[in-house]
C-alpha cells in the first residue's frame with residue numbers, strides 16, 4: 001500500500017439543514033493506511049461529515065475526494081471503495097445471515113463469494129448462525145453481521161459511526177481485533193464518544209464543535225494538546241464520554 005497516497009482530501013466542506021449551519025469550511029487530508037478519530041459533543045456535525053464522505057449526503061459547498069474520486073461528481077466510484085458501519089445495520093431481518101451476505105456480495109460483484117462469506121462469518125464468529133434469520137439477533141450479533149457486510153468487497157476505506165455503541169464486551173473485542181488486523185491494508189475513519197478506549201487505535205484525530213474544526217492533527221496525535229482542547233469543548237476529560 002502506498003502510504004503517501006491520500007485516502008481523503010476534504011476541501012472546504014460546508015452543510016446547512018434549512019437555516020441551521022451544520023458544518024463550516026471543513027478541510028483536512030488523511031493518508032492511506034491511517035486511522036482518523038472524529039470526536040466532539042452531540043450536535044457537533046460528526047455524523048453529518050461522515051455521511052458526506054460516504055456519499056449518503058451531499059455537501060452544501062466544497063467537495064471531498066475519497067481515493068481520488070469526488071463525492072459530488074463520482075459517488076458510485078466512491079461507494080465501490082468504501083465500507084460503512086453505523087447505527088443502521090442495513091440488514092434484511094427476514095433473510096438469513098448467509099442470504100444477507102449473499103445479496104450484498106452479488107450486488108458488489110464479489111469474486112469467490114461463498115469463500116468470502118465463510119471467511120467473514122468465521123471472523124465475526126457467526127458461522128454457527130449462517131442459516132438463521134436475523135430478526136431475533138441481539139444488538140451485538142446484528143453489529144457483527146453488519147461488520148461482515150461492510151467488509152465483503154474488501155473496501156479501501158472504512159467509515160464507522162459509533163460502532164461500539166450497544167455492543168457486548170465480546171463483540172467489542174472482535175471489532176477492535178479486526179480493526180487492528182486490517183490496519184496495514186485499510187484506512188479507517190471513526191466517529192466515537194468512547195475516546196479512552198479507542199485512542200490507542202488512532203493515528204490522527206479531529207475535534208469538531210458546532211460544525212467547526214477545533215483540533216486537527218496531520219502528523220500524529222499531540223496528546224497534551226488533544227486532551228486540553230477536548231476538555232474545553234466537552235467540559236470533561238477523555239476518560240468520560242463527550243455527549
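What follows is calculated from the coordinates using simple rules that are stated; it is not laboratory data. Owing to the predicted nature of the structure, the values given are computational and were not obtained by experimental measurement. No Cβ is skipped: glycine too gets one built from the backbone with ideal geometry, and neighbour counts run over all protein chains shown.
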> Which of rounded, prolate, oblate describes segment 121-179, given a ≥ b ≥ c as roots of the alpha-carbon gyration tensor eigenvalues and a/c under 1.5 marking rounded, otherwise prolate only if a/b is larger than b/c?
Replying inline: oblate
> How far apart, in nm, are the 7 Å Cα→Cβ label points at residue 224 and residue 103?
Replying inline: 5.3
> Taking a ≥ b ≥ c as the square roots of the eigenvalues of the Cα gyration tensor of segment 88-139, is the shape rounded (a/c under 1.5), prolate (a/b larger than b/c) or oblate?
Replying inline: oblate
> Which label marks the calculated value of Rg and Dmax of the Cα atoms in Å, given the options (i) 19.2, 58; (ii) 17.8, 50; (iii) 15.9, 43?
Replying inline: (ii)
>> Suppose we keep just the DSSP beta bridges with both residues in segment 98-243; what percent of those would be antiparallel, to 5?
In response: 45
>> Can you tell me how segment 1-142 classifies by the Cα gyration tensor, rounded, prolate or oblate, using a/c under 1.5 as the rounded cut?
In response: prolate
>> Suppose only helical runs count, i.e. DSSP H with n ≥ 4. What mean residue ellipticity at 222 nm does that imply for the chain under -39500 (n - 2.57) per run, divided by all residues and rounded to the nearest 500 deg cm²/dmol?
In response: -9500 deg cm²/dmol
> For the residues 102, 5, what sequence is obtained by ranking on other C-beta atoms within 10 Å, fewest first?
Replying inline: 5, 102
>> Between helix 169-182 and the chain, what is the angle of the helix's C-alpha long axis to the longest principal axis, kept within 0 to 90° and rounded to the nearest 10?
In response: 80
> If you line up the long axis of helix 113-123 against the longest principal axis of the chain, both from Cα atoms, how many degrees apart are they, to the nearest 10?
Replying inline: 70
> Length gain on complete extension for the stretch residue 180 to residue 16, per 0.36 nm per residue less the alpha carbon to alpha carbon distance?
Replying inline: 55.5 nm
> Roughly what would the spin-label model give for residue 92 and residue 168, points 7 Å off Cα along C-beta, in nm?
Replying inline: 2.7
>> Just to be sure I understand: with springs between alpha-carbon atoms less than 10 Å apart, which residue in 46, 154, 232 has the highest mean-square fluctuation in the Gaussian network model of the chain?
In response: 232
> What angle do you read, to the nearest 10 degrees and between 0 and 90, between the alpha-carbon axis of helix 139-151 and the longest principal axis of the chain?
Replying inline: 90
